[in-house]
Amino acid sequence: MAHTDLRIIRSKKSIRRAFLTLIPQYGFQNITVQQIADEAFINRKTFYAYYPSKYDLYNEIADELIQILRPVVKRDPIAVQQSGTFSTVLQKTFEQITLNRELIKILIEDQSNPVFVNKLSELFREDLLYSVKNQKEPVGKLPVDLVERIYVSTIIEIVKWWVRQDAFPSSELASVYPMLFSDEVIRILNIPVL
């Protein structure tokens with residue numbers, strides 16, 4: 001059994017904490033490795049021992065969040081059938097976001113680096129909206145891929161709005177979400193509702 005040195009764990013934790021403290025203050029693009037090292041009370045050499053660049057650190061954090069969200073976002077047909085509604089799946093997604101709200105808020109609100117928002121969009125596009133992949137039927141006069149883009153961007157904007165709120169319950173948000181779309185869009189996207 002491999003045992004990770006506690007100094008390594010503490011150093012990486014300190015680097016991450018420092019990095020996440022600096023993003024809201026300066027924006028990702030304006031942060032330097034020296035600032036991260038100073039905030040973490042380490043030297044630059046220690047930073048580079050764990051991360052080749054600040055981009056690698058950011059991607060590691062973003063990828064970990066996506067892996068946490070993937071199991072609840074993934075719209076497994078059996079899970080949807082058992083739960084009965086898309087709203088239940090969406091509620092579970094928002095509950096998981098709640099558990100990681102502060103971290104997600106930091107990454108989403110940083111306008112200088114869209115990587116996390118892009119990864120989150122891709123997660124919703126691939127996993128949540130899997131049913132449209134082979135759908136060719138247009139929505140009225142709208143192409144399906146346009147409807148998918150609108151749908152995913154709406155989810156992202158709701159997540160951005162929601163992480164800033166303190167008292168809006170996930171169950172309420174999940175139940176009103178389908179109301180943003182017409183019955184035709186919901187039918188094309190194959191979303192079972194109440």
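Every number in this text was worked out from the coordinates using simple rules, so none of it is lab data. Keep in mind that this is a model prediction, so the values were computed, not measured. For neighbour counting, all protein chains shown are included, and Cβ atoms are generated from backbone atoms with ideal geometry for every residue, glycine included.
Shape class of the stretch 18-64 from the alpha-carbon gyration tensor: oblate, with a/c at 1.5 or above and b/c at least as large as a/b. Taking 0.36 nm per residue of separation and subtracting the Cα-Cα distance, full extension of the segment from Ala49 to Gln25 would add 6.1 nm.
Taking Cβ atoms as reference points and 10 Å as the exclusive limit, the residues near Lys105 contribute a net charge of 0, counting Lys and Arg as +1 and Asp and Glu as -1. Give me the net charge of Val33's neighbourhood, meaning all other residues with Cβ under 9 Å from the Cβ of Val33; Lys, Arg count +1, Asp, Glu -1. Computed value for this residue: +2.
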